[in-house]
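A quick write-up on the structure given underneath.
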Amino acid sequence: MLYLLRTLRPLMPLVPKLIARLQRHPKRIVFPEGADPRILQAARQWVTRRMGAPILLGERKVIKDAAARLSLDITGMRIIEPARSEDFEPFAVQLEQIRSTKVLKLGDTRATLLDPNYFATMMLASGQADALVGGATVTASSALRPLFQLIPRLENVQTASSLMILDWDEKKVGSDGSLFLADCGVIPDPTAEQLCDIAISTAMIARQLTDETPRVAMLSYASRSDSQHPMLVKVRTATELARAKARAAQLPMEIEGEIQLDAALDAAVAAMKKVEGPVAGRANVLVFPDLNSGNIGFKLVQILAGANAFGQIITGLTRPAAEISRGASAHDVFGAAAIVGCQAIDRRLLYGTP
């Protein structure tokens with residue numbers, strides 16, 4: 001019970017903005033693990049704040065019993081038992097078609113669909129849900145595999161990855177205290193081409209959520225070095241590729257690399273190291289050179305600096321989804337849901353511009 005009491009802490013700068021947007025443009029969020037107490041608490045908040053309709057997958061009785069133990073009202077939540085759903089057979093047909101065209105290594109189609117992660121992903125793919133939040137009780141690979149197999153990638157993006165959002169109440173970094181970090185959970189050692197895709201996809205989400213021009217720092221252990229070390233060359237190449245791709249697609253963003261973290265976030269340090277430009281000291285998107293640095297970096301800041309962390313938010317796909325940690329609180333679940341929910345809102349409705 002003490003674990004549950006700590007879940008819904010005061011909201012941070014980014015999340016209240018997202019709540020207000022979703023109250024104007026409600027969305028349907030599907031949760032594969034509908035009976036989990038944290039999911040139920042987050043779903044209750046979603047309904048209470050009038051942000052749309054949570055869709056809970058699982059056995060109806062198990063979900064109702066779990067809610068009763070929490071003294072939690074499930075009014076306004078939709079409960080779906082995949083095996084008894086009227087969509088089960090149509091989804092089985094669609095999944096079989098996808099498997100034949102993509103040559104996916106799946107077992108029996110109907111047995112696969114009994115996995116709530118696959119059923120939820122089919123709901124997302126078919127437009128019966130606007131966004132998905134999974135991973136509360138399963139390994140990352142179990143939550144990510146259906147998404148990467150069934151959801152198409154964005155146009156001109158070959159790499160699906162993930163980002164974490166770190167948020168502070170008062171710290172003046174990034175976008176009003178919010179930083180977008182990638183990749184922190186999917187690709188162990190990305191190539192320059194993959195880093196390019198990671199930078200573009202992360203920047204696009206940052207712009208959707210903040211309406212600011214993304215200021216992307218391609219991080220390294222050196223800033224604009226003359227060294228030809230392969231690690232630096234990779235980041236340098238990725239920077240040029242990302243700039244070219246952004247220009248070709250007319251995506252408004254600033255990209256700097258290779259650049260050290262302190263020069264990316266501290267203007268005084270950037271000036272001392274003679275790093276100039278719109279990103280120097282003002283980065284709001286941080287792209288790490290590999291998964292080791294990204295994963296260690298965000299967890300170090302989260303624990304030692306008291307940052308609120310939301311994610312993993314999946315990038316590079318045509319439909320919004322999040323893979324949360326098994327250690328996530330209800331507060332973390334709610335924040336991740338708000339992020340992917342806002343990703344599903346047409347940008348023109350939010351800001352009046354494409």
**Study point:** Positive-end extreme of charge dipole, the chain - chosen from P146, T75, P13 (charges on Cβ)
**Key:** T75
Check your understanding: Any idea how far the Cα center of the stretch 13-40 sits from the one of the stretch 235-269, in Å?
Key -> 32
Practice item. State, as an integer percentage, the relative contact order of the chain based on alpha-carbon contacts under 8 Å between residues 6 or more apart. Key: 23
Exercise for review: Starting from the stretch 55-145, pick out the GluC sites (Glu not before Pro) whose DSSP state is loop and whose Cβ has at most 10 other Cβ atoms within 10 Å.
Suggested key: E86
Point to revise | Only Lys, Arg (+1) and Asp, Glu (-1) charged, at Cβ; the chain dipole about Cα centre in debye | key: 640
Revision key, fill the gap. Within the under-11-Å Cβ sphere about S162, not counting S162, Lys/Arg +1 and Asp/Glu -1 give a net charge of -2
Practice item. Given the options N117, N156, N284, state which has the largest fluctuation in a GNM of the chain using a 10 Å cut-off (strictly under) for Cα springs. Key: N156
**Study point:** Per-selection metrics, the stretch 156-316 (Cα): Rg and Dmax in Å
**Key:** 14.1, 40
Check your understanding: Where both partners of a DSSP beta bridge lie in the stretch 204-354, what percent of those bridges are antiparallel, to the nearest 5?
Key -> 10
**Study point:** Dipole in debye (nearest 20) - the stretch 156-316, about Cα centre, beta carbon charges: Lys, Arg +1; Asp, Glu -1
**Key:** 240
Point to revise | Residues in the stretch 178-210 that a label on N292 would reach, taking backbone N under 13 Å of a point 7 Å out along Cα→Cβ | key: 188-190
Point to revise | Taking the stretch 32-118 and dividing mean pair separation by its residue count, relative contact order in percent (alpha carbons under 8 Å, at least six apart) | key: 28
Revision key, fill the gap. 1/(1 + (r/R0)^6) with r = Cβ-Cβ of A68 and F148, R0 = 45 Å, i.e. FRET efficiency to nearest 0.05, evaluates to 0.80
Study note, to complete from the structure: Of the candidate values (1) -0.36, -0.53, -0.61; (2) -0.27, -0.48, -0.60; (3) -0.22, -0.39, -0.49, the one computed for log10 I(q)/I(0) by the Debye sum over Cα atoms at q = 0.06, 0.08, 0.09 Å⁻¹ from this structure is (3)
Study note, to complete from the structure: One can check that the equivalent ellipsoid of the stretch 133-180, built from the alpha-carbon gyration tensor with semi-axes equal to the square roots of five times its eigenvalues, has lengths in Å, largest first, of 28, 17, 7
**Study point:** Value of relative contact order over the stretch 156-316, rounded to a whole percent, pairs C-alpha under 8 Å and six or more apart
**Key:** 37
Check your understanding: Sorted by average packing, counted as other Cβ atoms within 10 angstrom per residue and highest first, what order do 246-255, 41-50, 296-305, 218-227 take?
Key -> 41-50, 218-227, 246-255, 296-305
**Study point:** Of all DSSP beta bridges in the chain, antiparallel share, percent nearest 5
**Key:** 35
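Bear in mind these aren't lab numbers, they're just calculated from the coordinates by the rules spelled out. Because the structure is predicted, anything quoted here is derived from the model rather than measured. Cβ coordinates were reconstructed from backbone atoms using ideal geometry, including for glycine residues, and neighbour counts include every protein chain displayed.
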